[in-house]
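Participant: Just passing along the structure, written as structure tokens.
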Amino acid sequence: MATFSSYIIKSFKHDGHLHRTWLENARVPESLLREPHKAESMLVLINSQTKIIEADGKEWVSRIPGVSFFIPKQWFNVVALLEDSGVRYYCNIASPPYVNGNVITYIDYDLDVIRMPGGAVHIVDQEEYERHKICYHYSSIVDTKVKQGLQDLLQRVQQGHAPFNEDWVLDYYHQWEKWKDEGSEA
């Protein structure tokens, strides 16, 4: 059976300070990835009840299981949250992921897109983006990349392109649960 490997996810702000860390994330092995995800070399990670550390040192444990998607060269990442009412997609406008060993890092650019289980789409934190654009001195290049990332993401959401497929999200999560259960019995 394919093995899930452990990764840490760290998000930073534009000025380089640490924003948030997710300590335990299981990377879905390439052999289990769906073809559209393989085609884009997506990194797919699962977490449930993982410890999260905020920039101020505050720690908490996630209550909602999540399946995260990082796509090389894309200025966004997607977290599918497995809620009782269905899958809610929380999408961060962010720099493309950088992988070093078992650590994935990215710069969070504040803007977020939320796709609710019923399909409603909301763009949030626009004021925070505008404030940080001034505070952190985003270059015109970064501003252009962020705005293009938002448009690319909204197009994927609208067209239902990967990774916006609830069945696949749930399948990844169930494959991980099965792997965990089999590993604990050994």
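The values are calculated or read from the model by the stated rules, or taken from the named source; none is laboratory data. None of the values given here were measured: they were computed from a predicted structure. Every residue, glycine as well, gets a Cβ built from its backbone with ideal geometry; the counts of neighbours run over all protein chains shown. For accessibility, only protein heavy atoms count, side chains too; no ligands or nucleic acids. Shrake-Rupley method; radii C 1.70, N 1.55, O 1.52, S 1.80 Å.
Participant: Go through region 47-63 and report how many residues are touching an Asp or Glu at 6+ places or on another chain (Cβ under 9 Å), open to solvent by 20 Å² or more (accessible area, probe 1.4 Å) and under 17 Å from Asn92 (Cα atoms).
Facilitator: So the count comes out to 0.
Participant: I've got another one for you. How many residues are closer than 18 Å to Tyr173 by Cβ and either open to solvent by 50 Å² or more (accessible area, probe 1.4 Å) or touching a residue at least 24 places away in the same chain (Cβ under 8 Å) (or both) when one looks only at region 1-37?
Facilitator: 21
Participant: Something else about it: Which one of these does Lys73 not meet: (1) on the phi > 0 side of the Ramachandran plot; (2) more than 17 Å from the chain's Cα centre (by Cα)?
Facilitator: In the conditions (1) on the phi > 0 side of the Ramachandran plot; (2) more than 17 Å from the chain's Cα centre (by Cα), Lys73 misses (2) alone.
Participant: Would you call Asp108 assigned to a strand (DSSP E or B) and either without any contact (Cβ under 8 Å) to a residue 24 or more places away in the chain or acidic (Asp, Glu) (or both)?
Facilitator: Yes; evaluated as a whole, the condition is true for this residue.
Participant: Tally time: how many residues in region 87-107 are under 17 Å from Tyr138 (Cα atoms) and open to solvent by 30 Å² or more (accessible area, probe 1.4 Å)?
Facilitator: Qualifying residue count, region 87-107: 2.
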